[in-house]
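To start, the structure itself, in structure tokens.
The values are calculated or read from the model by the stated rules, or taken from the named source; none is laboratory data. Note that the coordinates shown come from a computational prediction; the quantities given were computed from them, not determined experimentally. All Cβ positions, glycine included, derive from the backbone under ideal geometry; neighbour counts span all protein chains shown. Ligands, DNA and RNA are excluded from the accessible area calculation, which covers all protein heavy atoms including side chains. Shrake-Rupley method; radii C 1.70, N 1.55, O 1.52, S 1.80 Å.
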Amino acid sequence: MKFVPPRVPPATVSEVQVLVADWFRREQRPLPWREPATSAWAVLLSEVMSQQTPVARVAPIWARWLELWPTPADLAQAPTAQVLREWSSLGYPRRALRLQECAAAIVERHDGVVPQIYDDLVELPGIGDYTAAAVVAFAHGRRSTVVDTNVRRVLARVFSGTALPPPTYSAAERAFARAITPELDEQAAAWAAGSMELGAVVCTARTAYCEACPISALCAWRLAGFPEDEHAQVRTTQKFTGTDRQVRGKVMKVLRDAHGPVLRSQIDLVWPDQAQLDRCVASLIEDGLAEQDGEAYSLPQ
DNA sequence: AATGCGGGGAG
DNA sequence: CTCCCAGCATT
């Protein structure tokens, strides 16, 4: 079933957005990057770290990175091996490489200043549609359409009346999100933050805590009697155990925990299947996450 | 449009 | 145990 843009009266959209903004003002979590003095660079950092990683795990790493590298120029000059070590176990360490490349690009293209324009942001390494829009709204307080997995779910439930959005994010869905973005900077930013937060803590994937929801009375999914997810059959859950992703993670942990180069014999200990291990080590080198010097492997210098 | 890419905590 | 998380890049 494709996404069909719901026909919602503008007055209803506006009422939803006002209620969510008010709720967010009262109930938002005190996340460290929401402190007023947070720099645009710090916000960008928090957004990239939060891609596919829960915020609770991000917070301490984020604080440490800002101590070490308070500006893009600082990160650009850091040893990549240290960047990967400080990334710790946030997962998807390619994000750390992209972040350092992003910092270098900000220095080269934008004089070391985080851009305020979506089109400039989205050109940066590791910055896609979501993160570019999020930096516009949360770092600069400007109007943008911020759509992450939480927002997609909230829009699906409130306006489309479905349990979950379609498996893939379509152009039609994007157009709908854009169409209901408030015109004013302040209201657009509040809607972005509020709709994300609502999906993160109230209208969650597993459970909808409708008794805590400021717009439950207006929710199409609730009014329809909570129909089941119609895409449940085609939704595939990603395996992890035994995959290259798991093996790559184990190898990276060995490299991070070692002070210097490690021998292949040390890497061999983390996984029994040598063919798979070979493939994973090669792919890590290919990705720029590891280096080989004869029999010794290490993080990139 | 589909895949690959980490890791940990909640239910 | 399964599911899910403030996605991106590549095909």
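Hey, any idea what % of the stretch A:244-298's accessible area is carbon plus sulfur with a 1.4 Å probe?
52 percent
With +1 assigned to the C-beta of every Lys and Arg and -1 to the C-beta of every Asp and Glu, and no other charges, what is the dipole magnitude of chain A about the Cα centre in debye, to the nearest 20?
On the way: 31 positive and 35 negative charges, 175 e Å.
Roughly 840 debye for chain A.
With r as the distance between the Cβ atoms of residue A:210 and residue A:88 and R0 = 41 Å, compute the FRET efficiency 1/(1 + (r/R0)^6) and round to 0.05. Let's see the in-between values first.
Values: r = 37 Å, r/R0 = 0.90.
Computed FRET efficiency for residue A:88 and residue A:210: 0.65.
At a Cα cut-off below 12 Å, give the aspartates and glutamates reachable from residue A:2, other chains included and same-chain residues fewer than 8 away excluded.
Output for residue A:2: A:173, A:230.
Where the accessible area of the stretch A:28-172 is counted over protein heavy atoms with a 1.4 Å probe, how much of it, in %, is carbon and sulfur? Walk me through the numbers before you get to the answer.
Values: 3270 of 6210 Å².
Roughly 53 percent of what the probe reaches on the stretch A:28-172 is carbon or sulfur.
Suppose R0 equals 25 Å. What FRET efficiency, 1/(1 + (r/R0)^6) with r the Cβ-Cβ distance, do residue A:67 and residue A:266 give to the nearest 0.05? Numbers along the way, then the final one.
Values: r = 31 Å, r/R0 = 1.22.
Efficiency, rounded to the nearest 0.05: 0.25.
Defining a contact as two alpha carbons under 8 Å apart and six or more residues distant in sequence, what relative contact order in percent does chain A show?
This gives 19 percent for chain A.
If you roll a 1.4 Å probe over the heavy atoms of the protein chains, what accessible area per residue do you get for chain A, in Å²?
With all protein chains present, chain A gives 52 Å² per residue.
Nearest 10 degrees, 0 to 90: what angle lies between the long axis of helix A:185-201 and the longest principal axis of chain A (Cα atoms)?
The angle comes out at about 70 degrees.
Scan the stretch A:199-235 for GluC sites (Glu not before Pro) in coil per DSSP, keeping those whose Cβ has at most 16 other Cβ atoms within 10 Å, and list them by number.
On the way: sites: A:211, A:228, A:230; in loops: A:228, A:230.
Taking the stretch A:199-235 and a limit of 16 other Cβ atoms within 10 Å, the loop GluC sites (Glu not before Pro) found are A:228, A:230.
Peptides A:130-136, A:158-164, A:111-117: what's the order by average Cβ count within 10 Å, highest mean first? Display every interim value, and only then the final one.
On the way: A:130-136: 24.1, A:158-164: 20.9, A:111-117: 15.9.
Top of the packing list down: A:130-136, A:158-164, A:111-117.
Which of rounded, prolate, oblate describes the stretch A:244-298, given a ≥ b ≥ c as roots of the alpha-carbon gyration tensor eigenvalues and a/c under 1.5 marking rounded, otherwise prolate only if a/b is larger than b/c?
Values: a/c = 1.37, a/b = 1.22, b/c = 1.12.
Rounded is the answer for the stretch A:244-298, as its axis ratio a/c remains below 1.5.
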